[in-house]
Structures are given as C-alpha cells and as structure tokens.
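Colleague: There's a structure below that I have some questions on.
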Amino acid sequence: MVGHLGVAVRGDACQRLNATVTQSGTTVTAAAPAWASSLAPGASVTVGFTANGTAATPGSVKLNGTAC
C-alpha cells in the first residue's frame, strides 16, 4: 500500500517528483500516482515537490494522517 504525505508550507507547490501533488491553503499533499498504486513489502519510493514562496521550515508533517 502506498500512502500520502502532507506538509504545511508557505507558498505554492509547483514541481513534483513521482507523486500526485495537491494543495489546499498551506497544506500540500503528495500521494502515489496512478502508475504506482502499490509497493511490495520492503520496497521504497522517493517522492518530492518544490514550492514557490518565502523560504521557511515546513510546518506540520504527516504520513497517512499521522504526525511525524
């Protein structure tokens, strides 16, 4: 199962890497794209995004809705 990563940022998400990225207010969510709907046990994936705006430490970070 592939989950989702949520991060509070200042700015707008623009570029993405191996993820479907959505933004609602300051919360950016990176989720598995349709072509990667599951991972084998022990497998890993790298996801990422860039944001335009004022540089700052991200706010809350959550993986599958749980704070990290």
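Colleague: Which residues, taken from segment 20-68, are in a loop (DSSP other than H, G, I, E, B), in contact with a strand residue (DSSP E or B) (Cβ under 9 Å, 6 or more places away or on another chain) and not hydrophobic (A, V, I, L, M, F, W, C)?
Modeller: Residues satisfying the conditions are Gly25, Thr26, Pro33, Thr46, Gly53, Pro58, Gly59, Ser60, Asn64, Gly65.
Colleague: Taking segment 26-68 on its own, how many of its residues are closer than 13 Å to Ala8 by Cα, exposed (fewer than 10 other Cβ atoms within 10 Å of the Cβ) and either small (Gly, Ala, Ser) or in contact with a Pro (Cβ under 8 Å, 6 or more places away or on another chain) (or both)?
Modeller: Number satisfying all stated conditions: 3.
Colleague: Still on this structure, please answer the following. Within segment 12-19, identify whether any single residue is out of contact with any Phe, Trp or Tyr (no Cβ under 7 Å at 6 or more places or on another chain), among the polar types (S, T, N, Q) and part of a strand (DSSP E or B), and answer yes or no.
Modeller: No, segment 12-19 contains no residue that is out of contact with any Phe, Trp or Tyr (no Cβ under 7 Å at 6 or more places or on another chain), among the polar types (S, T, N, Q) and part of a strand (DSSP E or B).
Colleague: Search segment 20-38 for residues being of a type in the set (A, V, I, L, M, F, W, C) and within 13 Å of Ala51 (Cβ to Cβ), and hand back the single one that is nearest to the chain's Cα centre (by Cα).
Modeller: That would be Ala30.
Colleague: Could you grab the pairs with beta carbons closer than 9 Å, sequence gap of 6+ or different chains, first residue in segment 25-48 and without any contact (Cβ under 8 Å) to a residue 12 or more places away in the chain, second one of a type outside the set (Val, Ile, Thr)?
Modeller: Gly25/Ala8
Taken together, the values in this text are just the output of simple stated rules run on the coordinates, not laboratory data. Keep in mind that what you see is a predicted model, and the values were worked out from it rather than measured. All Cβ positions, even for glycine, are placed from backbone atoms using ideal geometry, and neighbour counts span all protein chains on display.
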